[in-house]
Structure formats: structure tokens, C-alpha cells
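Structure first, then comments.
The values are calculated or read from the model by the stated rules, or taken from the named source; none is laboratory data. In this text, all values refer to a predicted model and were calculated from it rather than measured experimentally. Glycine also receives a Cβ, built like all others from the backbone with ideal geometry; neighbour counts cover every protein chain displayed. We work out accessible area using only protein heavy atoms, side chains counted, and drop any ligands, DNA or RNA first. Shrake-Rupley method; radii C 1.70, N 1.55, O 1.52, S 1.80 Å.
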Amino acid sequence: AAIGEALKLNEDSVLGLLAKANYEAQVGRHETAMTLAKRAVELDPTLSDAWALIGDLHAADGDLPAARDAFDKAVDLRGYVSLSTARRAFVLAQMDDFAGAKNDIRALFASGYNKQSYVNFVKGFIAFRESHYPEAVEALEVSLEGEPNNTISKFYLVASYLRDGRPERARQIATALTDQG
């Protein structure tokens, strides 16, 4: 309601539009969120957070090339390494651009994100996709240290342990995963 009131006072408030777009995305109204985020970047094309949201929305819709393009803008405009770089790396990995994805992960690690859960999930995902299972295990374990209940990380960790020839460890994690509900 407060965001709506702010936009009534100034319908071209870039921050108001972005706040409303983020809210709409959170409640699952992606089309409305996209419309608002695009309006925000029309008003201020340098707004990296709006480009990142557009990238997230495209990724959620499965439009990976559009997501990559939006994340490219977000990362370029940010001026420093942020989690938008990790989100772009994940999109790149899904598009089989492993060199680009690994470049992003290297930049994140060089900027101190080496213990961040999502960054390590993406690193593990890349390693898994490239069949580098010991590296995937290592990164996914770090990811789970920060987010012990992350189901997706656990699934990839189980698969990585299996592919690495460690079925007992995979079984332990899978059992814990099914026990957690």
C-alpha cells in the first residue's frame, strides 16, 4: 500500500517502480513485475537492480538468452562484483557457456565471495555439468554450510557423490533429505 501511495505522488519514481516490481515478482505476478521493471529502465537505463530483476524474471520464464542480456547490463552497470554476477554465471552455465560462467565465478572469488552459499552452488553446478564431480562435491558442501536446508544443493551433491563413486555418502545425504520432509 505504501508503494502504491508513493507512486500516486510520482508515477515516474524509478525507486517506487522498482519497489513495486520487486513486490509483484515476490507474489508471483511476473508479467506485472516485468512491465514495471521495464518502465523503470526506460526512465533510468543505468538502474542495475532493475536490469537484474528483468534477468531474474526472464530466467524464471526460461528465456535464458534474454536473462543473460539483462544480467550483462546489470553487471556492467553495477561497477563492482555482486550476486548479479553469480546469477549471470548460473544462466551462462545453463546455456553451456562454461568459460563465461567460470570467469564470473573467478571474479566473485577474487572479490571475497568464496564462502557465499549461492556462489558455491553455482560453482558446483558448473562442475557437475562439466563432469568434474570432486570439484562439484567440494563446492556444494561449502554451499550447504551456509544454507544447510537447500534442497537443490543437496540433490546436486547426492548426484555428484554418486557420479564420483561414493554411493554411501550419497545415500546418507539422500536419507537425510527424505527425512527432512
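Restrict the check to segment 84-96 and report whether at least one residue is free of Cβ contacts under 8 Å to residues at least 12 places away in the same chain, within 23 Å of residue 121 (Cβ to Cβ) and not in a helix (DSSP H, G or I). Give the derivation first.
The initial filter retains those residues of segment 84-96 that are free of Cβ contacts under 8 Å to residues at least 12 places away in the same chain, namely none.
No, there is no match, as no residue in segment 84-96 is free of Cβ contacts under 8 Å to residues at least 12 places away in the same chain, within 23 Å of residue 121 (Cβ to Cβ) and not in a helix (DSSP H, G or I).
Does residue 37 fit the bill of being over 30 Å from residue 124 (Cα atoms), within 18 Å of the chain's Cα centre (by Cα), buried (at least 18 other Cβ atoms within 10 Å of the Cβ) and modelled with pLDDT of 95 or more? Reasoning before the result, please.
Details: over 30 Å from residue 124 (Cα atoms): yes; within 18 Å of the chain's Cα centre (by Cα): yes; buried (at least 18 other Cβ atoms within 10 Å of the Cβ): yes; modelled with pLDDT of 95 or more: yes.
Yes: the conditions hold for residue 37.
How about segment 142-161: which of its residues are of a type outside the set (S, T, N, Q), assigned to a helix (DSSP H, G or I) and surrounded by fewer than 16 Cβ atoms within 10 Å (Cβ to Cβ)? Steps first, please.
If we filter segment 142-161 for residues that are of a type outside the set (S, T, N, Q), which is where we start, we get 142, 144-148, 152, 154-159, 161.
Add one more test, that the residue is assigned to a helix (DSSP H, G or I), and what stays is 142, 144-146, 152, 154-159, 161.
Within segment 142-161, 145, 146, 152, 155 meet the criteria.
Could you check residue 94 against (1) open to solvent by 50 Å² or more (accessible area, probe 1.4 Å); (2) over 29 Å from residue 34 (Cα atoms); (3) among the polar types (S, T, N, Q); (4) touching a Lys or Arg at 6+ places or on another chain (Cβ under 9 Å) and say which number it fails?
(2)
Please report, ordered by residue number, the helices (runs of 4 or more DSSP H) entirely within segment 1-76 with at least 2 residues that are among the aliphatic types (A, V, I, L, M) and more than 30 Å from residue 96 (Cβ to Cβ). It would help to see each step written out before you state the result.
Working: elements: 2-9, 14-26, 30-43, 48-60.
Those helices (runs of 4 or more DSSP H) span 2-9, 14-26, 30-43.
Output the residues belonging to segment 162-180 that are more than 22 Å from residue 105 (Cβ to Cβ) and either in contact with a His (Cβ under 8 Å, 6 or more places away or on another chain) or outside any helix (DSSP H, G or I) (or both). Show your work before the answer.
Kept after step one, since they are more than 22 Å from residue 105 (Cβ to Cβ), are these residues of segment 162-180: 162, 165-180.
Listed by number, the residues that qualify are 165, 166, 180.
For segment 23-33, enumerate the residues that are crowded, with 17+ Cβ neighbours inside 10 Å and free of Cβ contacts under 8 Å to residues at least 24 places away in the same chain.
Passing the criteria: only 24.
What are the pairs with Cβ atoms under 6 angstrom where one residue, in segment 58-79, is closer than 11 Å to residue 46 by Cα and among the charged types (D, E, K, R) and the other, located anywhere, is open to solvent by less than 70 Å² (accessible area, probe 1.4 Å) and at pLDDT below 95? Sequence gap at least six, or different chains.
none
Please go through segment 137-165 and pick out each residue that is without any contact (Cβ under 8 Å) to a residue 24 or more places away in the chain and either closer than 14 Å to residue 119 by Cβ or not hydrophobic (A, V, I, L, M, F, W, C) (or both).
Quick first cut of segment 137-165, residues without any contact (Cβ under 8 Å) to a residue 24 or more places away in the chain only: 138-141, 148, 154-155, 158, 162, 165.
Result: 138, 139, 140, 141, 148, 154, 165.
Within segment 127-181, how many residues turn out to be on the phi > 0 side of the Ramachandran plot and out of contact with any helix residue (DSSP H, G or I) (no Cβ under 9 Å at 6 or more places or on another chain)? Lay out the reasoning, then the answer.
Looking only at segment 127-181, we keep the residues that are on the phi > 0 side of the Ramachandran plot, and these are 131, 165, 181.
From what is left, the residues that are out of contact with any helix residue (DSSP H, G or I) (no Cβ under 9 Å at 6 or more places or on another chain) are 181.
Residues meeting the conditions: 1.
Before we move on, is residue 48 at pLDDT 95 or above, open to solvent by less than 30 Å² (accessible area, probe 1.4 Å), more than 23 Å from residue 125 (Cα to Cα) and touching a Ser or Thr at 6+ places or on another chain (Cβ under 8 Å)?
Values: at pLDDT 95 or above: yes; open to solvent by less than 30 Å² (accessible area, probe 1.4 Å): yes; more than 23 Å from residue 125 (Cα to Cα): yes; touching a Ser or Thr at 6+ places or on another chain (Cβ under 8 Å): yes.
Judged against the criteria, residue 48 is a match.
If residue 80 satisfies all but one of (1) at pLDDT below 95; (2) part of a helix (DSSP H, G or I); (3) surrounded by fewer than 17 Cβ atoms within 10 Å (Cβ to Cβ), what's the number of the condition it fails?
So residue 80 meets the others, but not (2).
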